[in-house]
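For reference, the structure is listed below as structure tokens.
The numbers here are math on the coordinates, done by the rules we state, and not lab data. As the structure is a prediction and not an experimental result, all values here were calculated from the model. All Cβ positions, even for glycine, are placed from backbone atoms using ideal geometry, and neighbour counts span all protein chains on display.
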Amino acid sequence: MGNKAFIGPIGDDLPSLIPIVFALTIFFASFNAALANFDSKNSSFADDLDALKVARIMRSNGYIVNKANFDQLCSLVEVRSLKFVAGIAEFNESSQDSLDPLKPYNFTFFDPSGQVKPIGQLFYSNASGNFYCTNLKEISSFNAGILQYKNAIVRTYPVIFEKDRGGSLGIIAAPMQLVVVAWR
């Protein structure tokens with residue numbers, strides 16, 4: 001008759017097993033959350049490194065001679081994990097303002113209405129063509145979608161570009177900026 005309260009080997013330990021199971025559930029849930037946070041940060045670091053790879057190749061020694069030199073650098077970029085657009089831009093709207101050290105820096109991606117400027121207006125162009133490099137299949141997806149990517153990476157680097165001032169004025173080594181925009 002002494003065995004009336006005996007439920008079994010696990011039944012007697014059931015009150016002590018509930019807190020252990022609860023503690024293990026909390027432990028594994030917090031471990032999973034920490035791992036997810038780590039993976040997210042690791043992915044972010046990988047994106048930054050890929051954007052820096054694009055910038056390092058495009059910037060090379062910081063001196064861009066002409067469109068052929070720019071296109072050669074562009075052909076060396078082999079980043080496939082990110083969508084990117086890299087190009088040379090004036091420091092200011094007017095190229096004369098870019099050469100004046102007293103004029104403030106005012107490069108912007110947006111026009112007065114708040115829309116992203118067309119890519120032809122963002123980057124420098126001359127008779128040789130537009131100075132931008134991309135891995136996009138259609139460049140219109142840059143203008144249409146860049147605002148939808150909340151984790152876009154934008155980096156700017158100073159470069160020197162040989163500008164032909166036309167006629168007998170000759171060539172000038174003008175300060176410009178290399179702008180790299182990358183997103184996933």
Using Cβ contacts closer than 10 Å as the measure, can you line up ILE172, ILE64 from fewest to most? ILE172, ILE64
What full-extension length gain, to one decimal in nm, is calculated for ALA36 and LEU76 as 0.36 nm per residue of separation minus the Cα-Cα distance? 11.0 nm
Estimate the FRET efficiency between LEU24 and ASN151 by the formula 1/(1 + (r/R0)^6), using the beta-carbon distance for r and 41 Å for R0, to the nearest 0.05. 0.75
Non-local residues with an amide H under 5 Å from the amide H of TYR124, with H modelled 1.01 Å from N and Pro and chain starts lacking one, are ILE88, ALA89, GLU90, PHE131
